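The values are calculated or read from the model by the stated rules, or taken from the named source; none is laboratory data. Since we're looking at a predicted model, the values are computed, not measured. So basically every Cβ, Gly included, is an ideal-geometry build from the backbone, and we count neighbours across all protein chains shown. Accessible surface is based on the protein model in full, side chains and every heavy atom, while ligands, DNA and RNA are left aside. Shrake-Rupley method; radii C 1.70, N 1.55, O 1.52, S 1.80 Å.
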Amino acid sequence: MKNPVRVAITGAAGNIGYAMAFRIAAGDMLGPDQPVILHLLEITPALPALQGVVMELNDCAFPLLAGVVATDDLSVAFKDVNFALLVGARPRGPGMERKDLLTANGAIFGPQGKAINDHAARDVRVLVVGNPANTNSLIAQCNAPDLDPRQFTAMVRLDHNRALSQLAEKTGVHYNHIRKMTIWGNHSSTQYPDISQATVDGKPAASLVDTEWYRSTFIPEVQQRGAAIIKARGASSAASAASAAIDHMRSWALGTPDGDWVSMAIPSDGSYGIAPGVMYGYPCVCKGGKYEIVQGLPVDEFSRQKMDATDAELREERAAVEHLLG
Ligand SMILES: NC(=O)c1ccc[n+]([C@@H]2O[C@H](COP(=O)([O-])OP(=O)(O)OC[C@H]3O[C@@H](n4cnc5c(N)ncnc54)[C@H](O)[C@@H]3O)[C@@H](O)[C@H]2O)c1
Ligand SMILES: O=C(O)C[C@H](O)C(=O)O
């Protein structure tokens with residue numbers, strides 16, 4: 001057995017946190033030979049509910065769960081953690097865009113970034129799930145000057161998985177047979193789900209579906225899937241969001257398969273004409289615990305316009321939180 005690693009989950013008594021903690025404790029994120037110590041953060045009024053989560057975690061008798069820390073103190077929550085999943089934040093309701101949460105949630109991520117900077121393990125890997133995820137991640141990253149900005153990421157993996165699911169349904173194959181899906185940009189309705197490089201059973205996806213369906217049905221459905229779930233469930237996605245967060249961290253820590261990639265929002269380094277400084281969704285391969293942007297993909301005029309539109313929105317969000325950027 002390996003030595004345990006420490007995994008922080010914020011908002012751990014919330015809907016996503018509740019769906020996530022048990023799967024991480026079961027080994028779904030870091031593998032069946034990696035014990036974990038969970039660090040669960042909640043706001044003070046939610047501590048009794050969090051205690052219930054701890055009781056249930058213990059009652060599962062998970063072989064890989066080596067300890068649980070439950071707290072409302074940032075310095076305890078992030079002490080020596082190797083992975084941090086920043087989930088705790090308000091979800092949107094019907095009729096809201098995710099960026100409407102910027103003011104309410106933005107203030108959470110500066111102090112958390114600083115606490116991660118001051119207390120986490122130096123190799124900490126951070127994933128922001130709380131919306132608006134990309135810009136919240138930027139806020140956290142800017143408040144952690146002692147860490148490499150690349151240690152901070154945001155989640156577009158749920159969008160990636162949604163895109164796989166839509167394309168699988170349309171082409172009548174299982175999503176296991178789809179490779180090279182990409183989500184560019186923001187986890188918002190401007191995101192660009194791009195099938196131009198995707199293959200289905202080895203065939204170009206774009207040759208199997210008509211352009212009209214791709215542009216007028218597939219793209220908006222992936223962009224609007226979060227809202228559709230809020231409408232149907234009366235609450236925002238939780239189990240699928242937790243699952244995507246686990247996928248994101250597993251890919252980052254354990255690697256992506258040869259011949260495929262995943263979508264991760266990471267600090268732009270200028271690749272694909274996206275000026276540095278925002279957390280932008282890119283196609284990434286992961287190896288040895290590090291991610292790299294897949295370079296050299298062709299970008300046609302349609303893609304260019306979509307990639308720039310979502311970049312513009314991220315820049316607007318960044319301008320709106322300039323005062324929180326440390
Ligand atoms: N990026 C994505 O793909 C994606 C997908 C689904 C949901 N989300 C977002 O994730 C967030 C959480 O969603 P949820 O359904 O779990 O919400 P929820 O309301 O069920 O749970 C949020 C939890 O966070 C806690 N919390 C609030 N402020 C906190 C703070 N400062 N520190 C620690 N904990 C805090 C709350 O007490 C609550 O228990 C929302 O912002 C939602 O929009 C993102
Ligand atoms: O859409 C939301 O507000 C929740 C989440 O970001 C989602 O995509 O399901």
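Dividing the mean sequence gap of close Cα pairs (under 8 Å, 6+ apart) by how many residues segment 156-322 holds gives a relative contact order of 26 percent. Ordered from highest to lowest accessible area with the whole protein assembly present and a 1.4 Å probe, Val299, Val294 read as Val299, Val294. Put simply, the amide H of Thr182, placed in the peptide plane, has neighbours under 5 Å in Asp194, leaving out anything fewer than 5 places away on its chain. Taken about its Cα centre, the chain carries a charge dipole of about 240 debye when Lys and Arg each add +1 at the Cβ and Asp and Glu each add -1 at the Cβ. Using only the alpha-carbon atoms, how far is helix 301-320 inclined from the longest principal axis of the chain? Give it as 0 to 90 degrees, nearest 10. On a 0 to 90 degree scale, this one is about 30.
Cα axis of helix 47-59 to longest principal axis of the chain: angle in degrees, 0 to 90, nearest 10? Once rounded, one gets 90 degrees. Taking Gly234, Gly289, Gly27 as the candidate residues, the one with maximal mean-square fluctuation in a Gaussian network model of the chain, Cα springs under 10 Å, is Gly234.
The distance from the alpha carbon centre of segment 289-314 to that of segment 222-270 is 17 Å, rounded to a whole number. Accessible surface for Phe218 stands near 0 Å², nearest 10, in the context of the full protein assembly shown (1.4 Å probe). Based on protein heavy atoms only, the chain ends up with 41 Å² per residue of surface accessible to a 1.4 Å probe. For the pair Asp80 and Asp300, a Förster radius of 41 Å applied to the C-beta separation gives a FRET efficiency near 0.30, rounded to the nearest 0.05.
When the Cα positions of Gln295, Leu325, Ile274 are compared along the charge dipole of the chain, Gln295 comes out farthest toward the positive end, with charges on each C-beta of Lys, Arg, Asp and Glu. Phi-derived couplings, Karplus 6.51 cos²θ - 1.76 cosθ + 1.60 at θ = phi - 60°, listed residue by residue for segment 28-43: 5, 8, 10, x, x, 10, 10, x, 10, 10, 8, 10, 9, 10, 9, 6 Hz, with x used for Gly and Pro. For Ala70, nonlocal amide neighbours, meaning residues 5 or more places apart or on other chains whose placed amide H falls under 5 Å from its own, are Leu40.
Inverting the pair-averaged 1/r between distinct Cα atoms of segment 5-154 gives 15.3 Å as its Kirkwood hydrodynamic radius. Backbone amide hydrogens, once placed in the peptide plane, bring Val299 within less than 5 Å of nothing, excluding anything fewer than 5 places away on its chain. GNM remark for the chain: springs join alpha carbons under 10 Å apart, and the peak mean-square fluctuation among Phe22, Phe83, Phe62 falls on Phe62. Percent of Cα pairs in the chain per distance bin of 20 Å, from zero to the largest separation: 34, 59, 7. Rolling a 1.4 Å probe across all protein chains gives Ile293 an accessible area of roughly 20 Å².
Computed over protein heavy atoms with a 1.4 Å probe, the carbon and sulfur contribution to the accessible area of the chain reaches 52%. Just grab the label-to-label distance for Met1 and Ser216, each label 7 Å out from Cα along the Cβ direction, in nm (one decimal). It is 5.9 nm. Note on the chain: GNM, Cα springs under 10 Å; of Glu313, Glu97, Glu56, the largest mean-square fluctuation is that of Glu56. Solvent-accessible surface of protein heavy atoms, probed at 1.4 angstrom with all chains present, puts Asp269, Asp311 in the order Asp269, Asp311, largest first.
Rounded to the nearest Hz, the phi-derived 3J(HN,Hα) couplings of segment 138-143 under the Karplus curve 6.51 cos²θ - 1.76 cosθ + 1.60 (θ = phi - 60°) are 4, 4, 4, 4, 5, 9, where x marks glycine and proline. Cα centroid separation, segment 154-188 to segment 49-109: 26 Å.
Taking trypsin sites (Lys or Arg not before Pro) that fall in a DSSP loop and have at most 15 other Cβ atoms within 10 Å as cut points, what is the longest piece of the chain between them? Longest gap between qualifying sites, sites excluded: 123-326.
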